[in-house]
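Worksheet for the structure shown next.
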């Protein structure tokens, strides 16, 4: 199972309070993970990726295994530790600053 | 026993505030959608328990929320708690947050760009819903005014939204340009005597009217004069802040423009200025008394450079003869050191025998006058900055 950690507001929208566990068929990539996430939680459609372009929203980043994967192509395989469920795929919201 | 329900959208969530018909004691519930910007919350005139809310975020985009019990519980349309989230075929059901501009060959293809700040053409990009206007005849039908400016409609209770592309298809579309606050469609007025007629206003394109249910639109800006655009009397480019209508007189409209307060007596074919003796005619809100169609209210703001009341005194101004002659209403409002703003969606009226007037401030206060403006009380003091105020009068 793939583990996905969501920011506070998206956990509220999805009415969950912990990590999400997803069954992702086929190659484990940003696209396949987010497709599986939106299939299980349709209320998150459009909140992480734009509805039309499917591009990552500007104030969100994707981290895993201590790396920033935000600029990777959506079909690039995620690290093996994410694919095996050892490490979570992190969706991170930018801090507002101040 | 009659009562009122005040729907408040703020910078950090929504609040529902209720009272009986006396409007003396208030019960505040919320925040709903805590931490999110709530641009607008409005109830259906057909089913008062049916509420719609625009929840938005720079991080996560646009969410539409709906309540079927007067604001006690909320859900995204099509995603009621406990019900399946996918179709029997396994496809996600949620389309309620999806606002996609019409690019179909028949109606949407030419609608590609508007004017950008530097004068170049720029693609239309959806950002958020500024205003939700429920239909006068069907609780499942709602109009949405969005940024970048366009008009959408749902006919299934918010589950899916479709653009009325004729508005952007108005020949002036490529000349529309955003102001500093964005290019948002913020005013939607429905005509109860003529279901085919709709008025809209856009910052900073101007005002438009359709007489055929949204297929074609006419700019209704004749008589407006704006010194901040190259041609002060141009067809488009006027920064209209708000338009108000009394439902029984849909041909008479009142406008608070960036500067100037105006009225039209012919559904927008010609406007005339009625700023009269106002201390400043800059402002955002304007509204009409529920029982006196010539009694109107504004809250003057010092200027477009200083968004607070003149002299630090929060004053509502009332005209009982449709403009030009205004009186300051101050009882119960702070008359020193007050530097809040009142945003365009943040004034509303109830329809009780003694008409109640309501407005919210960027300082988080919501004020009510239960006697048409003579006396004011804060019904809540310390909310986040108030974006919108709507009032439902309950039987």
Exercise. With a/c under 1.5 counting as rounded, go ahead and sort the stretch B:241-338 into rounded, prolate or oblate using the C-alpha gyration tensor (a ≥ b ≥ c being the square roots of the eigenvalues; past the cut-off, prolate if a/b is larger than b/c, else oblate).
Key: prolate
Quiz prompt | Test item: A:52-60 mean partner chain Cβ contacts at 10 Å | solution = 2
Practice problem: Starting with the highest mean, order B:211-219, B:143-151 by the number of other Cβ atoms within 10 Å, averaged over the residues of each peptide. | Solution: B:143-151, B:211-219
Exercise. For chain A, just say rounded, prolate or oblate: build the C-alpha gyration tensor, square-root its eigenvalues into a ≥ b ≥ c, call rounded for a/c under 1.5, and beyond that prolate if a/b exceeds b/c, oblate if not.
Key: rounded
Quiz prompt | Helix-derived mean residue ellipticity, 222 nm - over the protein assembly as shown, DSSP H n ≥ 4, -39500 (n - 2.57), to 500 | solution = -1000 deg cm²/dmol
Quiz item: Given Cα pairs under 8 Å that are at least 6 residues apart, what percent is the relative contact order of chain B?
Solution: 12
Exercise. State whether the stretch B:190-300 is rounded, prolate or oblate according to the following rule on the C-alpha gyration tensor (a ≥ b ≥ c being the square roots of its eigenvalues): a/c under 1.5 gives rounded; otherwise a/b larger than b/c gives prolate, and the remaining case gives oblate.
Key: oblate
Quiz item: When only C-alpha pairs under 8 Å and at least 6 residues apart count, what is the relative contact order of the stretch B:290-371, in percent?
Solution: 23
Quiz item: Any idea how far the Cα center of the stretch B:103-123 sits from the one of the stretch B:198-214, in Å?
Solution: 18
Exercise. Based on other C-beta atoms within 10 Å, arrange B:160, B:54 from fewest to most.
Key: B:160, B:54
Self-check item: Ranked by how many other beta carbons lie within 10 Å on average, peptides B:269-280, B:167-178, A:67-78 from highest
Solution: B:167-178, B:269-280, A:67-78
Practice problem: Find the centroid of the Cα atoms in the stretch B:139-162 and in the stretch A:1-68, then give the distance between the two in whole Å. | Solution: 26
Quiz item: Among B:306, B:325, B:133, which one moves the most in a GNM of chain B with springs linking Cα atoms closer than 10 Å?
Solution: B:306
Quiz item: For the protein assembly as shown, what percent of Cα pairs sit more than 33 Å apart?
Solution: 40
Exercise. In whole angstrom, note down how far apart the Cα centers of the stretch B:1-38 and the stretch B:360-384 are.
Key: 12
Quiz prompt | the stretch B:149-229: relative contact order as a whole-number percent, Cα under 8 Å and 6+ apart | solution = 23
Self-check item: Cα-Cα P(r), chain B, percent of pairs per 10 Å interval
Solution: 5, 24, 35, 26, 9, 1, 0
Quiz prompt | Shielding by partners - mean other protein chain Cβ count within 10 Å, residues of B:52-58 | solution = 2
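Throughout, read-outs are computed from the coordinates displayed, never taken from laboratory work. These numbers come from a predicted model, not from an experiment. Positions of Cβ are generated from backbone atoms using ideal geometry, with glycine treated the same way; all protein chains shown enter the neighbour counts.
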